[in-house]
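Notes for the one structure printed next.
Throughout, read-outs are computed from the coordinates displayed, never taken from laboratory work. A quick note: this is a predicted structure, and the numbers were derived from the prediction, not measured. Here the Cβ positions follow ideal geometry from the backbone for every residue, glycine too, while neighbour counts run over all protein chains shown.
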Amino acid sequence: MHYKTKNNKFIITAFILLISIALTDKATAQIFGGLQNPLGVNWRQINTSGFQIIYPVEMESEAQRMANNIRYIFPKVGRSLNVRKTTIPIVFQNQGVIANGFVQLGPKKSEFNTTPPQQFDSQDWLNNLAVHELRHAAQFDKLTNGRAYPFPEQVYFAWMGISIPLWFFEGDAVSNETSLTHAGRGRQPNWIMPYRTALLQGKNLSYSKANFGSQKDVAPGYYQIGYLMASQIRQAAGKFVFDSVLTDIKDRPVRIYPFAKSLKKYSGKNGKDWYEYTSAKVKADWEKQAELSPAKDYPVLNQEAKYATDYSLPVKMTDGKILVLKQSKAMPAAFVLIDQDKREQRIQGIGQQEQPWFSYANNLIVWDEVRLDPRFQQRSYSVICTYNLQTRKLNKLSSKSRIFSPTLSADGSKIVAVQIDFSNKVQLIVMDAANGKIIRTYPNPENLLIQTPSFNNDGSVITYVSVKEAGKALWTVDASGKTTKLINETPQQLSRPIFLGANIAFNAHYNGINNIYSIDVNSKKISALSASKYGAFNPSVIKGTDSILFNNYNLFGYEIAQTKIEEQKPGKDNFVFFGAAAEKQENTGNVFDNIPDSSFTSTPYHKLGHLINIHSLIPVIEDEYKGGLQFNSNNLLNTFDAYAGVNYQRDLGRFEYNAGASFKSLYPIFNLTYSNRPRRTFYATGAGTRQGDWRENYVRLQAVVPINLSAQNHNYNFSVNAGTSYTQRYDTQNLPANFVTAIHFPLETGFTFTHTTRTAERDIAPKWAQIVRFSYYSQPFDKQLSGDLFAVAGFLYFPGLAKNHSFLANFNYQEATGIRTYNNDINTVYGYNNIMAKSRLKNTLLFNYRFPLFYPDAELGPLAYIRNVRGGVFCHYENVGTDSNLSQPKTYGFELHGNMNLLRYQPNVDLGTRFVFVNKEYHHNPIFELIVNYTF
């Protein structure tokens, strides 16, 4: 048997882990993605106290406000790490509708996505971003002494990724946001609810599973686990424990598991020990809370879940069926009807949402959906879509809009929603449900963030939640525009209010557990309507009855439940606040109280004047024969990347010099690369084989136009590329007289079309997908090296025999002439490189069937955490119609893969084996391949 190792090209930047920290717990931490804004965005900047705030001109007012806030709060944000000042650019991104934020190195910067979400915390959105992300800036400065010279930012970033677990970065930041404000996710029962539910139901999660997730169960994730652990560590070891830990790591950076060792040195336990201690402690506290909190069991109206599944926002139809938005580990988001026997009928798949949301009335469903700009994907939209259950007609009511949380009137004729512009001005609007026309806009003089509005039964009154730094409030506004505040600003997580006759039901956590409450509009008396053990949300009225449907949270997610509209015994507020010790240690109160009100000088930020931003000198290892050093430059707006470096080629004993740049401001992306490199060849002569050497200058220019479109659960991608190059060879040694010393401008062109449907977490590939790719290479300007190559590839993905199985049929064809006669530009059969060819490659037909086997969630000590195991079989043909037929594949066999985290580090490693059997006419032994890939 032959042994082959297949691995990704190794560059140290591949170890730049996910520490580009994402604020929202829905998002995983991110690698610097480099998305662009449209060219027409007009940028300005404010420089103060080490902060360079770069922002679109529409954000002038918010930039001035945040310049005051950021410079005032940072000394308090970094105080427990002994970091009192920093230098960092902060880019305000206002073109998108997905709420997020991150900090990164390489280049050092932070980005705030400024559009506020429709359901988050009970404080100002940008303030929340600032107090969280600035803690990350303090963490990074502590580890680097606030300096990144001489240009090792990406090396620092990589070192942090392999030295420090993500639960610390995020847990410490959430602890910080919770301690320094009246809000923060540590004060939200629903944020930690999945872990509380698991522990109270006897579900013990391993340390790795809690951090890295599961394709089977609901796992809390490193944000939640990190907050709980950070809180316990600070309570036991004091305010400055993490200052000591990070200082020790910085002073002794080259160790195995430096964070675990330093943490044990200063707190007495390593990370796994603290996880086990924390789990036992919080479980005991939550058990006491459960004893003190009255709770009811509610019959489940959906199928029993076997893995994590959410049945969100249930609504009872007139025929007795229940309409929900369902999403699970095995199924992407779609509207589903559930009958009285719990049988399910899928109605319509939908696209990405900022949060799960829809409204139903009179056979019409309305929802908001994220759509990305076809080219500049820093820009995104929130569009309004409808689906008629009777006519099955799908309609998009708005285009290029920023409209959120649409809710229908009872007769289905009007939609109330929230509109947010590029300057974060918020408006409550009413739309015509038939054509999407805005028919009314309500004044919002304080520019409160408005969330999740809804109509009363006759459409004459609207209720909604507002958010500002003081907290959330509940309001109504009538047809005359008169507003009434029913609940004053509070840290309660008020959300999704609906009318129950003259009263209003809403989500809150008055007893320390999320439940459904109602308020009497006249007396303003608040009553509990549910008594859930773990959390109740999203009530909807069952017409003609005295009952409501709602989401009741359980071990596998949001279930459907029903209860009568009657007052429940709410009990006292028994919320367990694990951040109390850290809050007392910080002793700041709300850091956003008493902010100075200064005016700052604002100047234009010239995009062309800030293209070069050299931030890193990194080692690069191409393979076992070639490696060197490389300078990297990326500008802060992600529109210009450049590099320059030198490699030493060990087998040739010579140096290679490289440089390149990518300009991404325009609709096409232009890539220019240059290399001065040594080359070697061997050629036959009458006297035998001889070796020839030379150097060459190689310049390549490429233009790429990527276009991405989406509609509901369908995505369409188009890519057109064209490129050329010039090669000039010199310093020739021992080469024949006819050796070509220049290659003049070969043309490389291509086109790719991709259509995919939205996938679920367990899907190995899209259920349905089609990909077509054309390539053409020619030598029109170089007759001495004439030759063309045309290649086409088609990929068809189909559903398999069972859920999450995938069948792929891939046909590839190429025609090559001249100097390209023996080039291969198509996919080959498995094992191709180990099998002696019988003829020139012309086409391949590849069939692959892949399927999940099981989801072990197995923690093998500190060595590996195995998330899933997958299998596959394949049957591959070559030169169909000439050398073979469909009864005789060239290769066939099976493969086995596992997705895992190794050594408790974040990258997902796909480790697999493949057994390739070869057609007997080749007289070849079976081939064994080891496959190693990684993703972030």
*Mean residue ellipticity (222 nm) of the chain, computed from DSSP H runs ≥ 4 via -39,500 (n - 2.57), nearest 500*: -5000 deg cm²/dmol
*Can you pull the one-decimal nm distance between simple spin-label points at Asn522 and Lys584, each 7 Å off the Cα toward Cβ?*
4.7
*asked:* What whole-number distance in Å separates the alpha-carbon centres of region 163-194 and region 676-747?
replied: 51
*Once phi is turned into θ = phi - 60°, what whole-Hz ³J(HN,Hα) does the Karplus curve with 6.51, -1.76 and 1.60 give for every residue of region 885-900, x standing for Gly and Pro?*
10, 6, 8, 9, x, 6, 9, 7, x, 8, 9, 9, 10, x, 9, 8
*Evaluate E = 1/(1 + (r/R0)^6) for Lys400 and Arg346, where r is the Cβ-Cβ distance and R0 equals 35 Å; express this FRET efficiency to the nearest 0.05.*
0.75
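If neighbour count is taken as other Cβ atoms inside 10 Å, put Met836, Met59 in order from fewest to most.
Met836, Met59
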*Tell me, in nm to one decimal, what length is gained between Ala410 and Val699 on full extension, where the rule is 0.36 nm per residue of separation less the Cα-Cα distance?*
97.5 nm
*Using alpha-carbon positions, what is the distance between the centroids of region 896-924 and region 405-471, in Å?*
53
_Spacing of the two label points (7 Å from each Cα toward its C-beta) at Ala280 and Gln733, in nm_ = 6.9
*Please determine, in degrees from 0 to 90 and to the nearest 10, the orientation of helix 60-77 with respect to the longest principal axis defined by the Cα atoms of the chain, where the helix direction is its Cα long axis.*
90
*Between Thr318 and Val370, what length in nm is gained on full extension when 0.36 nm per residue of separation is reduced by their alpha carbon distance?*
15.7 nm
*What FRET efficiency comes out for the pair Ser786/Ser61, r = Cβ-Cβ distance, R0 = 60 Å, nearest 0.05?*
0.40
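When a footprinting reagent is the concern and you count Cβ atoms within 10 Å, what order do Asp651, Asp273 take, fewest first?
Values: Asp651 10, Asp273 15.
Result, fewest neighbours first: Asp651, Asp273.
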_In degrees, nearest ten, helix 153-163 long axis to first principal axis of the chain (Cα)_ = 70
*Using R₀ = 30 Å, calculate the FRET efficiency as 1/(1 + (r/R₀)^6) where r is the Cβ-Cβ separation of Phe663 and Arg147; round to 0.05.*
0.50
_Leu863, Leu611, Leu134 arranged by Cβ crowding within 10 Å, fewest neighbours leading_ = Leu863, Leu611, Leu134
*Quickly work out the Lys288-to-Leu930 label distance, labels modelled 7 Å from Cα along the C-beta direction, and quote it in nm with one decimal.*
5.2
